[in-house]
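All of the numbers you see were taken from the coordinates with simple rules; none came from a lab. This one's a predicted model, so the numbers in the text were calculated from it and none came from an experiment. Positions of Cβ are backbone-derived with ideal geometry, glycine not excepted, and every protein chain shown enters the neighbour counts.
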Amino acid sequence: MDRDVMANVSRRAMVGGLVGSAATLALGGQALANGALARARVDKASGGGAKPHPDAKPGATKPAATKPAATGTTLPNGSGFYRVMVGNAEVVCIADGSGEMAGSPFPMWGANGTKAEVDAALDAEFLPREGSSFYFNCALVRSGTDVVLMDLGNGTGGGPGAGKLLPHLANLGVKPSDVTCVVFSHLHPDHFGGLTDDNGELVFDKARYFISRDESDFWSRAGVADIKGQIPDEFKKGMVAGAAGVLAKLKGKLEMADATTKLSEGLRLVSAPGHTAGHQMLMVESGAKRLAVVADLVHHVAISLRRPDLHIQFDADPAAGAATRQRVLAQLASDKTEVLAYHMPFPGFGHVRPEGKGYQWVPSLWQW
Ligand SMILES: [Zn+2]
């Protein structure tokens, strides 16, 4: 992948005023052109580069950085991360931030239904019919000596509210070099944008990298731009280029992973195709406890839950996406499994409860 070309695409996309659009959310769209691999020529003065988060307290990260144990930070939840214990494993949501989408979510959501159905789902959750908020919740799991990070956020290309993964990791006392394993749920730009720094170098330079074979094959195959979802052509082009850039950057380094791959004690990948061909979730099991990191199984806190049957245009295969969403949500609800979902309101932990034709998102109670 020619990084210079991507960089130019990136700048034009940003200047072109994508902020506030669906694409800015990088749910699979044009914002990927702003992804990490496009960053080499991004002028720092115009927004490139991770900046210290306002929550960051001087000196607070130093002791924790040398002692990255489960209780190794002095900062409370709310400093851009939120953690829970799942048996012996520590699962931490690291916020990459959030983004806004203007206008009605229809037909981006619900193209196989009606605007009235989408509005009904929004009304039921007391949400406005115009304008939606989305979150980017990366998952860090510390199990034994392993530090596993699932998904890398937007990098500097996700709009003004996103790209905060690194300062929030620092708040937790985790250095990029502490991360032993990076897993991509799938290759959309809001999940791989933090792969490289402004110089195009890998941020998590000590980590092993994993992805499903189906995902790698999907983005590598001839005719990849012929995606079933009704994604506008200009989005598709950037999407394909972004994924190709990741595969090129990690050539010889990216390991294929599936349910049989031993990432760490108690961690297991689960295939959940539809959003993309090789989309994977991560199950964390320790003792009698379990938690499902569901990545992009759901996107919208009202529509994806209340009406999981409604198609999402950014799903590579909207029908398969809806089928997987319904199947997995039914399982999570019946098992009463706690969930960490990438795009739910921060910190993204909760349960799903059967409600009407679908489910309701029940956030886990916040604890300081
Ligand atoms: Zn996403």
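In this calculation the C-beta distance from Thr145 to Ala319 is compared with R0 = 30 Å, giving a FRET efficiency of 0.10.
Once Rh for segment 185-264 is found with the Kirkwood sum over Cα pairs, what is the Stokes-Einstein diffusion coefficient at 25 °C and 0.890 mPa s, in µm²/s? Could the numbers behind the result be given before it?
On the way: Rh = 13.7 Å.
Roughly 179 µm²/s, to the nearest whole number.
Note that segment 118-124 has calculated 3J(HN,Hα) couplings of 5, 4, 5, 5, 5, 4, 5 Hz, one per residue in order, obtained from phi through the Karplus relation 6.51 cos²θ - 1.76 cosθ + 1.60 (θ = phi - 60°); glycine and proline are x. Around the amide H of Arg208, modelled in the peptide plane, lie the amide H atoms of Cys181, Val182, all under 5 Å away and 5 or more residues distant in sequence or on another chain. I'd like to know which of Gly266, Met239, Ser212 lies farthest towards the positive end of the charge dipole of segment 206-271, counting +1 on Cβ of Lys and Arg and -1 on Cβ of Asp and Glu. About the Cα centre, the residue reaching furthest to the positive side is Gly266.
Compute the signed sum of charges (Lys and Arg +1, Asp and Glu -1) over the other residues within less than 13 Å, Cβ to Cβ, of Gly99.
On the way: positive: Lys164; negative: Asp96, Glu100, Asp190.
Spelling it out: positives minus negatives among the neighbours equals -2.
Note that segment 169-179 has calculated 3J(HN,Hα) couplings of 4, 4, 4, 7, x, 10, 8, x, 6, 6, 6 Hz, one per residue in order, obtained from phi through the Karplus relation 6.51 cos²θ - 1.76 cosθ + 1.60 (θ = phi - 60°); glycine and proline are x.
If you average 1/r over all unlike Cα pairs in segment 115-239 and invert the result, what Kirkwood radius do you get in angstrom? Present the calculation step by step, with values, prior to reporting the outcome.
Details: mean 1/r = 0.0592 Å⁻¹.
When all Cα pairs of segment 115-239 are included, the Kirkwood radius is 16.9 Å.
For segment 86-174, the list of chymotrypsin sites (Phe, Trp or Tyr not before Pro) that fall in a loop by DSSP and count at most 13 other C-beta atoms within 10 angstrom reads Phe126.
Put a plus charge on the Cβ of each Lys and Arg, a minus charge on the Cβ of each Asp and Glu, and nothing anywhere else: the dipole of segment 251-303 about its Cα centre is then about 100 debye. Label-to-label distance, Asp205 versus Ala124, with points set 7 angstrom from Cα along the beta-carbon direction: 5.0 nm. Please say if segment 222-321 is rounded, prolate or oblate, where rounded means a/c under 1.5 for a ≥ b ≥ c the square roots of the C-alpha gyration tensor eigenvalues, and otherwise the choice is prolate for a/b larger than b/c and oblate otherwise? In terms of gyration-tensor shape, oblate.
Quick one: net charge around Val183, please, counting Lys, Arg +1 and Asp, Glu -1 for every other residue with C-beta under 13 Å from its C-beta. The partial results should precede the final answer.
Numbers: positive: Arg208, Lys262, Arg268; negative: Asp146, Asp151, Glu215, Glu255, Asp258.
Its environment carries a net charge of -2.
Dipole of segment 220-283, Cα-centred, from +1 at each Lys and Arg C-beta and -1 at each Asp and Glu C-beta, to the nearest 20 debye? Show your work: numbers first, answer last.
Details: 9 positive and 6 negative charges, 32 e Å.
The calculated dipole for segment 220-283 is roughly 160 debye.
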